[in-house]
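Student: Please find one structure pasted underneath; my questions will follow.
The values are calculated or read from the model by the stated rules, or taken from the named source; none is laboratory data. Please read these numbers as outputs of a predicted model, since none were measured by experiment. Every residue, glycine among them, receives a Cβ derived from its backbone with ideal geometry; neighbour counts consider all protein chains shown.
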Amino acid sequence: MKTAVVTGSTSGIGLAIATAFAGTGANVVINGLGGAAEVEEITHRLSGLGGGKVVYHPADMTRPAEIADLIATAAAEFGSVDILVNNAGIQHVEKIEDFPVEKWDQIIAINLSSSFHTIRAAIPAMKAKGWGRIINVASAHGLVASPFKSAYVAAKHGIMGLTKAVALEVADQGITVNAICPGYVLTPLVEKQIPDTARARGITEAQVKSDVMLKFQPTKEFVSVEEVAETAIFLAGDAARSITGTHISIDGGWTAQ
Ligand code: NAD
């Protein structure tokens, strides 16, 4: 039985990925912000999906010691961490000269450095086992940029570099390291931006979706969290054993332009 750790899995894409892994019968360690009742509901619901055990760890992805404890706790509970999904992420939209320094630091910590901390903690046991899967949820913004998202775009481009470097280091040890690059997915992270963007641009919320968010997504549809989750399941499987150091885009054609 495999064990998967999914950071930032109390909401959105991470929750869908954790749900999908629980459905395969894996043990799953969920993580992320959330009240006790919400976390309890998710843990209980996911526990019923497969044969694996589902536990929660509250590590804050800005705190390296807590991140190390997340991986150590998962390994102690289940004997190994076979699949590591680095998904936790936040966004802040502001022009560079007004971008708060503390927001920059927080985004680099959560969206980039946390993956360095989870990976360095998880790799030794994967090497010992000769098998491992590391999946980094990057973004179309790991490949191309948009204005007013300097920290996010910098962090996501950084995670693409980390993905490739680590993939090369462990390529001959049965461990693959890849990124998934979604376009716009309608999760709380994106929904929170809609009213602010509508106000800032003096347009309706519907226009924000069609004219701003989906402007560069040729399918004109949001990507679903389930599509991202199914791609993670594929990358974690044996059929994907030769796929490493690369990314899979799920962006409706955005980065083909
Ligand atoms: P979301 O807001 O729904 O979920 C983010 C998760 O990260 C939540 O579980 C939250 O609790 C957790 N989190 C935030 N700060 C944390 C911290 N300090 N410590 C631990 N956990 C923390 O967002 P989402 O859209 O599901 O985003 C998930 C990932 O997908 C992010 O890395 C995001 O950049 C990426 N992504 C999202 C989209 C999109 O359009 N939604 C597109 C491309 C990439």
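Student: Filter segment 201-217 down to the residues that are surrounded by 13 or more Cβ atoms within 10 Å (Cβ to Cβ), in a helix (DSSP H, G or I) and of a type in the set (A, V, I, L, M) and list them by number.
Tutor: Result: 208, 212, 213.
Student: Separate question: Can you find, within segment 72-91, the residue that is farthest from residue 146 (Cα to Cα) among those that are within 16 Å of the ligand (Cβ to nearest atom) and touching a Ser or Thr at 6+ places or on another chain (Cβ under 9 Å)?
Tutor: Let us first name the residues in segment 72-91 that are within 16 Å of the ligand (Cβ to nearest atom), namely 73-74, 84-91.
If we keep only those that are touching a Ser or Thr at 6+ places or on another chain (Cβ under 9 Å) as well, we get 74, 84-89.
Details: 74: 37, 84: 28, 85: 25, 86: 22, 87: 20, 88: 20, 89: 17 Å.
My answer is 74.
Student: Which pairs turn up if I take residues in segment 127-150 that are within 26 Å of residue 193 (Cα to Cα) and look for partners that are more than 11 Å from the ligand (Cβ to nearest atom) and in a loop (DSSP other than H, G, I, E, B) with beta carbon separation below 7 Å, at least 6 apart in sequence or on another chain?
Tutor: What qualifies is 148/93; 148/94; 148/95; 149/93; 150/99.
Student: So residue 255 fits all but one of (1) closer than 22 Å to residue 159 by Cα; (2) away from the ligand (no atom under 15 Å from the Cβ); what number is the exception?
Tutor: Exception for residue 255: condition (2).
Student: Of the conditions (1) small (Gly, Ala, Ser); (2) away from the ligand (no atom under 16 Å from the Cβ); (3) without any contact (Cβ under 8 Å) to a residue 60 or more places away in the chain, residue 236 fails just one. Which one is it?
Tutor: (3) is the only condition that residue 236 fails.
Student: Select from segment 133-184 the residues that are charged (D, E, K, R) and in a loop (DSSP other than H, G, I, E, B) and list them in ascending order.
Tutor: The one that is charged (D, E, K, R) and in a loop (DSSP other than H, G, I, E, B): 149.
Student: Okay, moving on. Under 7 Å by Cβ, and 6 or more places apart or on different chains, what pairs join a residue from segment 179-190 that is over 15 Å from residue 256 (Cβ atoms) with one that is near the ligand (Cβ under 6 Å from one of its atoms) and assigned to a loop (DSSP other than H, G, I, E, B)?
Tutor: 187/11; 188/11; 190/184
Student: Can you pull out the residues in segment 20-46 that are within 12 Å of the ligand (Cβ to nearest atom) and either buried (at least 24 other Cβ atoms within 10 Å of the Cβ) or not charged (D, E, K, R) (or both)? Walk me through it before giving the result.
Tutor: At the first step, the residues of segment 20-46 found to be within 12 Å of the ligand (Cβ to nearest atom) are 30-35, 38-39, 42.
Of everything in segment 20-46, those that are within 12 Å of the ligand (Cβ to nearest atom) and either buried (at least 24 other Cβ atoms within 10 Å of the Cβ) or not charged (D, E, K, R) (or both) turn out to be 30, 31, 32, 33, 34, 35, 39, 42.
Student: Could I ask something else about it? Would you call residue 135 more than 16 Å from the ligand (Cβ to nearest atom), touching a helix residue (DSSP H, G or I) at 6+ places or on another chain (Cβ under 8 Å), of a type in the set (A, V, I, L, M, F, W, C) and at pLDDT 95 or above?
Tutor: So residue 135 fails the test.
Student: Please specify each residue of segment 27-62 satisfying the condition of being over 17 Å from residue 5 (Cβ atoms) and part of a helix (DSSP H, G or I).
Tutor: 36, 37, 38, 40, 41, 44, 45
Student: Can you list residue pairs whose Cβ atoms sit under 8 Å apart, with the first residue in segment 81-109 being within 26 Å of residue 201 (Cα to Cα) and the second being assigned to a helix (DSSP H, G or I) and among the β-branched types (Val, Ile, Thr)? Count only pairs 6 or more apart in sequence or on different chains.
Tutor: 89/110; 90/107; 90/110; 91/107; 92/107; 93/197
Student: Let me ask another. If we scan segment 199-213, do we find a residue that is more than 13 Å from the ligand (Cβ to nearest atom) and under 23 Å from residue 119 (Cβ atoms)?
Tutor: Within segment 199-213, none of the residues are more than 13 Å from the ligand (Cβ to nearest atom) and under 23 Å from residue 119 (Cβ atoms).
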